[in-house]
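The values are calculated or read from the model by the stated rules, or taken from the named source; none is laboratory data. Please read these numbers as outputs of a predicted model, since none were measured by experiment. Glycine gets a Cβ as well: all are built from the backbone with ideal geometry, and neighbour counts include every protein chain shown. For the accessible areas, the whole protein counts, side chains as well, though only heavy atoms, and no ligand, DNA or RNA atoms are used. Shrake-Rupley method; radii C 1.70, N 1.55, O 1.52, S 1.80 Å.
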Amino acid sequence: MIFEQYIYSHDGFFATVFNDLYFISNTGIVKPIYHTYGFFLSLNPVNDKLLAATQDSVELISKSGQSLSVFQFPLTSSNGWIPSTDGLHYNAIAEDSISALEATEKNGISLNRYAPVADMKTVKEPFVSYVSDKYFVVIPYVARNVIYLVSKNDFPNQVYKSFSIKGCKPSDKQFEMEEGVPQFRTAYDGGRFFVAAIASGHLRIFSFTP
């Protein structure tokens with residue numbers, strides 16, 4: 001069994017295979033807990049619940065597998081969902097607005113939209129690698145020589161901070177293999193961003209604080 005999306009909980013993992021959601025305990029017990037009609041494309045915890053994106057909707061699910069809310073969302077692809085600290089974020093192309101879906105206090109799902117990253121004139125071919133509670137983490141798609149922290153409140157005009165990086169520009173062959181999805185991953189934990197990038201067969205690891 002190959003899991004596609006997975007997140008860690010204090011007592012195990014939640015993982016998806018096509019349109020099934022599983023819980024895997026720390027002792028290795030695998031338990032199916034939820035089934036949906038569309039393939040799972042993204043998954044993120046929200047307090048004691050899960051936000052899950054399928055091909056045409058976003059669902060709020062309890063960790064025991066109970067459906068709490070369903071929000072119809074236009075047909076999406078797995079490539080457009082952006083890793084994020086809170087909620088789920090979607091951006092198919094730089095010219096589109098960024099959709100932010102979050103759980104409400106009453107087990108509903110809210111939708112907010114942010115300006116397209118293409119509006120950023122200071123960054124050539126901007127690509128959103130991660131969304132935190134305060135920032136969009138943006139890289140220039142081809143050069144990949146700078147990481148920009150862009151304030152969500154002032155987006156697209158205010159670059160809060162930028163970091164120069166080296167050795168992340170991929171070869172022409174890698175560009176073709178990526179098909180528009182950079183081998184450049186960002187995560188956030190304990191007040192620090194972590195970046196893993198592959199370029200010309202080499203793995204680069206970076207970390208920085210806002």
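Give me the lysines in straight-line cross-link reach of LYS63: C-alpha distance below 23 Å, same-chain residues under 8 apart excluded. Straight-distance partners of LYS63: LYS31, LYS49, LYS106. Directionally averaged projected area (region 45-132, Cα convex hull): 5.8 nm². The C-alpha radius of gyration of the chain, expressed as a fraction of 2.2 N^0.38 Å, stands at 1.04. Protein heavy-atom accessible surface, 1.4 Å probe, per residue over the chain: 54 Å². Using C-alpha pairs below 8 Å separated by at least 6 residues, the relative contact order for region 133-178 is 32 percent. In region 33-98, a dipole from Cβ-located charges (positive for Lys and Arg, negative for Asp and Glu) runs towards its positive end, and of ILE98, ASN79, PHE39 it is PHE39 whose Cα lies farthest in that direction. Here the chain is treated with +1 on each Lys and Arg Cβ and -1 on each Asp and Glu Cβ, and its dipole about the Cα centre works out to around 660 debye. Among the protein heavy atoms, those of ARG192 account for about 90 Å² of accessible surface (1.4 Å probe, every chain in place). Only lysines eight or more places from LYS166 in sequence, or on another chain, were considered; those with a Cα closer than 28 Å are LYS121, LYS124, LYS134, LYS152. Only protein atoms count toward the accessible area here, which uses a 1.4 Å probe; on region 109-188, the carbon and sulfur part of that area reaches 45 percent. Taking the charge dipole of the chain about its Cα centre, with +1 at Lys and Arg Cβ atoms and -1 at Asp and Glu Cβ atoms, the residue from ASN153, GLN5, ILE109 reaching farthest to the positive side is ASN153.
Computed over the chain, relative contact order equals 9 percent, with contacts defined as Cα pairs under 8 Å that lie 6+ residues apart.
Based on Cα contacts under 8 Å between residues 6+ apart, region 24-81 shows a relative contact order of 25 percent.
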